[in-house]
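Please find one structure pasted underneath; my questions will follow.
The values are calculated or read from the model by the stated rules, or taken from the named source; none is laboratory data. Because the structure is predicted, anything quoted here is derived from the model rather than measured. Cβ atoms come from the backbone with ideal geometry, glycine included; neighbour counts cover every protein chain shown. For the accessible areas, the whole protein counts, side chains as well, though only heavy atoms, and no ligand, DNA or RNA atoms are used. Shrake-Rupley method; radii C 1.70, N 1.55, O 1.52, S 1.80 Å.
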Number of protein chains: 8
Amino acid sequence: MALNVYLSGEIHTDWREQIIEGAAGLDVSFNSPVTDHAASDDCGVRILGAEDQKFWHDHKGAKLNAIRTRKGIEDADVVVVRFGDKYKQWNAAFDAGYAAALAKSLIVLHGPDHQHALKEVDAAALAVAEEPAQVVQMLAYVLNGVLPS
Amino acid sequence: MALNVYLSGEIHTDWREQIIEGAAGLDVSFNSPVTDHAASDDCGVRILGAEDQKFWHDHKGAKLNAIRTRKGIEDADVVVVRFGDKYKQWNAAFDAGYAAALAKSLIVLHGPDHQHALKEVDAAALAVAEEPAQVVQMLAYVLNGVLPS
Amino acid sequence: MALNVYLSGEIHTDWREQIIEGAAGLDVSFNSPVTDHAASDDCGVRILGAEDQKFWHDHKGAKLNAIRTRKGIEDADVVVVRFGDKYKQWNAAFDAGYAAALAKSLIVLHGPDHQHALKEVDAAALAVAEEPAQVVQMLAYVLNGVLPS
Amino acid sequence: MALNVYLSGEIHTDWREQIIEGAAGLDVSFNSPVTDHAASDDCGVRILGAEDQKFWHDHKGAKLNAIRTRKGIEDADVVVVRFGDKYKQWNAAFDAGYAAALAKSLIVLHGPDHQHALKEVDAAALAVAEEPAQVVQMLAYVLNGVLPS
Amino acid sequence: MALNVYLSGEIHTDWREQIIEGAAGLDVSFNSPVTDHAASDDCGVRILGAEDQKFWHDHKGAKLNAIRTRKGIEDADVVVVRFGDKYKQWNAAFDAGYAAALAKSLIVLHGPDHQHALKEVDAAALAVAEEPAQVVQMLAYVLNGVLPS
Amino acid sequence: MALNVYLSGEIHTDWREQIIEGAAGLDVSFNSPVTDHAASDDCGVRILGAEDQKFWHDHKGAKLNAIRTRKGIEDADVVVVRFGDKYKQWNAAFDAGYAAALAKSLIVLHGPDHQHALKEVDAAALAVAEEPAQVVQMLAYVLNGVLPS
Amino acid sequence: MALNVYLSGEIHTDWREQIIEGAAGLDVSFNSPVTDHAASDDCGVRILGAEDQKFWHDHKGAKLNAIRTRKGIEDADVVVVRFGDKYKQWNAAFDAGYAAALAKSLIVLHGPDHQHALKEVDAAALAVAEEPAQVVQMLAYVLNGVLPS
Amino acid sequence: MALNVYLSGEIHTDWREQIIEGAAGLDVSFNSPVTDHAASDDCGVRILGAEDQKFWHDHKGAKLNAIRTRKGIEDADVVVVRFGDKYKQWNAAFDAGYAAALAKSLIVLHGPDHQHALKEVDAAALAVAEEPAQVVQMLAYVLNGVLPS
């Protein structure tokens, strides 16, 4: 068994790197959105032409990013969605809903402060964790049946 | 043609009532989540037994609410998701993602302040509006081809 | 909103009647398997001809019952599966798995003794209850947002 | 033609090993649940934190195991479900129902004592066998058209 | 529970009428292909213009009939396919395969002479009967749990 | 049997009226796009606010119209697409492709001049006709088995 | 582009070999049913135990063969179904219907004598050919755009 | 992440070559229809036999080409549809609709003259570009997060 894992959500800490490094040696392939915030915001207009209005500037970029996001979620066996401390992060919750409707195995990663606000998202998940290391431990267990010592 | 519309999201203003009243006379049926905040939070433990930990208290409630929410979205032709001024509203974004993955026609309703934060949600929508009255006008147009005078 | 509910599982107590009577006045339609044990066992050979071997006797009956069972589950919004105190009840667990794979809202009903043995089934459910009255309360809440007083 | 086979059910005998060894030389890849009973029971709390109540202890574990189980069934061409002599084994019947709803080719493996109790599960299967060696013979036949001599 | 039943196959005896009359009083709606042989053969060219070649004459008719056939099968809960004594009846077997792939409940109706030639079709069915009266008895049992006296 | 028919394509002649009037007395319900050209072009900006650029003006309108179009096609048993003498009519061909991918029964209506240019669209259809009256005749035949006298 | 092709139907001539040899050098992988008639008839009882009645003898075999057949069709991009001069060949027509319902590209291969009897099957096909060499030519064209010289 | 891209539409300029060459070094595989106009028109009759009527001549060819086209679109992550200056190009719009209904990521490529006529197609797309080089830039961004310098 090999797993394809999509890492959605917060882009301001190194949680993706922690998981990817921790999972070295496991039969997992990872995909993520573009995590370069500036590139992600401006990709649409940089390639397809400038817009006067911010709404359409954002719109072009969000749609271009959706090509990657949808491919990542649709190919995934497991979708991990991390909610950080800051920002609205509605795209993370949107990805979680998208993954849930496609019956993907969903893992949600967030601190205890967000527990109540994320209760609907957590209710759709197969696991709720606080630390990236727990995600690595789950991947190791799911693939090899080995628990952390 | 008749439309089944699910009204998801913000529960602290009367936007649902505005739409439902405005749409009187149109061939539309509406569904919504339970909008009584206290009932929605406590339904799980009230029916299925108390929990010591807040996480499981919330979990039981969120899952029970999901029976209604999923039925509402899956039956809908159009899903309207409103984001208000306050709170994280991750369940609203989750519903939007769920609806998008099921290829429902999505209408997003929010003020100009949230434009950038909601760009991924808006990019999946067939319409982005600011006022409930615009939703009514769209329903009237979609059903009867009549534009506001 | 109206709900179509399929009542699967144990056939030796009156739990179905309790739910159906309790739900009088709610916009719910119920379906169930044939609960006449003898008819359910013999339907195949009674209509399609006797069999010398018990395996084929059972086989003919089980397949004929499957016409009803699958129709019931596929039409349902909510599948309630009850596990009683006796027998293997593998058909109940089979129905639960079938319903889960079709993304139906699953409610499991069983006493505390079966908690560990049913953990995989419960994990796929949106609610786990012990009493038929709780199912009625959930249906009332899901449909009307009203909690038991 | 190559086959992906998921081996679900009983974990107290070496039937999986018998099939896997017997199928050496055939173009088959096998997947199974985690068959270490203790690890399977405790995986949730070991990774995600202890629970006071046994129900939630079990719940966390069952959901984590579901990531592996669902991946295994969804990837499979053939799902073999074995029912042993002991225990309720509701998870085995649940997997059989899940596989049936996804239109997987289902093989059920059980002794003659369970024939009546498993009639609904058997009715959904393409083959019912008693011995692991028969499963190997079927895989050999399906892949290469060769019957046992 | 109500059933929608599609009656496919042989058109030279009154088996459809027997079933429909026998099922009077049951909550069943029936659909069938056009059973006027001449109309069925010529419908394409009569409406869409003559063809010089018999192949295209047949082709136009078969496609027009497919509008009805596909609607009938896709709407059905139960597809009954009858094979008579004469002709190739490949369209009946085609309908059976089409219904099987859509996971419809399939009932096959044929005499004992065709048993071996229809073994693959029978293997996909939930019931194999010889007489129209048996189909009526099954519908009565599936709907009302009542066996023939 | 009743049919739901979506009438897509050309909006400058009265072909829809001819079909609807011709089908009076048949158990058919019809849906169509908004056929008021000016309303269809401007609906987006009239309801959701003006745009400086024609591309976004068109974009808002096309998306709002898509709510109706997709509902119409997804609900349909039969999709009739008419290509007239003028304009590019790419939306008609788009609807035909959309309907084909959803396995809808497709009827294409066009004059002999467009035969070669429409060969890929015609190849996906169950019938190709030139006159609205032929569509009426087909609906009558599909529903009632009656051919034109 | 590579193609997976399933060769269904008649097993008494060497048409499969002709196609497979003719397609040497093309990026095509082929699958077929077991074409050893005796093995195909007896596989069920040889592996799973003898049956007194011919119906169950056939039934066991047909279901075991279905594991291979369904895998072959579901994995295929193109399903070629050949009808020979003899026998009822209802399994071939069943496979054609199964493939059509799964939206597979269907090629039917038969002599001119069967044209009328196969009109419904042909109507669901993307090509109707008489000779295996034509199938090879089509595969070459579909993959490489090269027509026979 | 690797992408499978189908290049549909206009066949009289070298836009496909520009994209394929520009994407050298990216992890993309491309598929296209047969772009040899004469071969594409005549493939059906060349392989399957001549037709007297042009309609059936075209029909046979269009269906044979559909084997390749559907495989290409169904396998694709991204479908790029280019509309050129000439011809009706209804097959391009048909492919766009087909891709949209399958929820493929759609990129439309056309000059500013066609903006109004293609508004419904553009509304279903995740990006609308004018030049092949923009498609290459988008593929590079989607795969590697790198914007053009």
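Using a 1.4 Å probe on the protein chains only, how many percent of the accessible area of segment C:1-118 belongs to carbon and sulfur?
Summing carbon and sulfur atoms, their accessible area is 46 percent of the total for segment C:1-118.
Starting with the highest mean, order B:21-29, C:25-33, B:53-61, D:64-72 by the number of other Cβ atoms within 10 Å, averaged over the residues of each peptide.
Packing proxy ranking, top to bottom: D:64-72, B:53-61, C:25-33, B:21-29.
What's the average, rounded to a whole number, of partner chain beta-carbon atoms within 10 Å of each residue's beta-carbon in H:127-135?
3
Further question on the same structure: Please compute, for peptide F:111-120, the average count of beta-carbon atoms on other protein chains lying within 10 Å of each residue's beta-carbon.
Rounded to a whole number, the mean comes out at 6.
How high is the relative contact order of segment H:1-84, in percent, with contacts defined as C-alpha pairs under 8 Å that are six or more residues apart?
About 46 percent, as a whole number.
At a Förster radius of 22 Å, what calculated FRET efficiency corresponds to the Cβ-Cβ distance of D:GLU21 and D:ASN144, to the nearest 0.05?
0.80
Now, a different point. Longer than 29 Å from Cα to Cα, which of B:LYS63/C:LYS71; A:LYS71/G:LYS104; B:LYS119/D:LYS104; B:LYS63/D:LYS86 are they? Say none if no pair is.
As for pairs spanning more than 29 Å Cα to Cα, those are B:LYS119/D:LYS104; B:LYS63/D:LYS86.
Can you give the FRET efficiency to the nearest 0.05 for G:ASP14 and F:ASP52, using r as the Cβ-Cβ distance and R₀ = 51 Å?
Efficiency at R0 = 51 Å is approximately 0.15.
Shifting gears a bit: For chain D, modelled as a GNM with alpha-carbon contacts under 10 angstrom, which of D:ILE20, D:ILE73, D:ILE47 fluctuates the most?
D:ILE47
A follow-up question, please. What are the membrane-span-like helices in chain G by this rule: whole DSSP H runs, Cα extent along the axis at least 27 Å, mean Kyte-Doolittle hydropathy at least 1.0?
Passing helices, by number: none.
Pairs of alpha-carbon atoms within less than 8 angstrom and 6+ residues apart define the contacts here; what relative contact order does segment D:15-149 have, in percent?
23 percent
Under 10 Å from the Cβ of H:ALA2, count the other residues' Cβ atoms, weight Lys and Arg +1, Asp and Glu -1, and hand me the total.
-2
Given a Förster radius of 51 Å and the C-beta distance between D:TYR87 and A:ALA2 as r, what FRET efficiency does 1/(1 + (r/R0)^6) yield to the nearest 0.05?
Taking R0 as 51 Å, the efficiency between D:TYR87 and A:ALA2 is 0.95.
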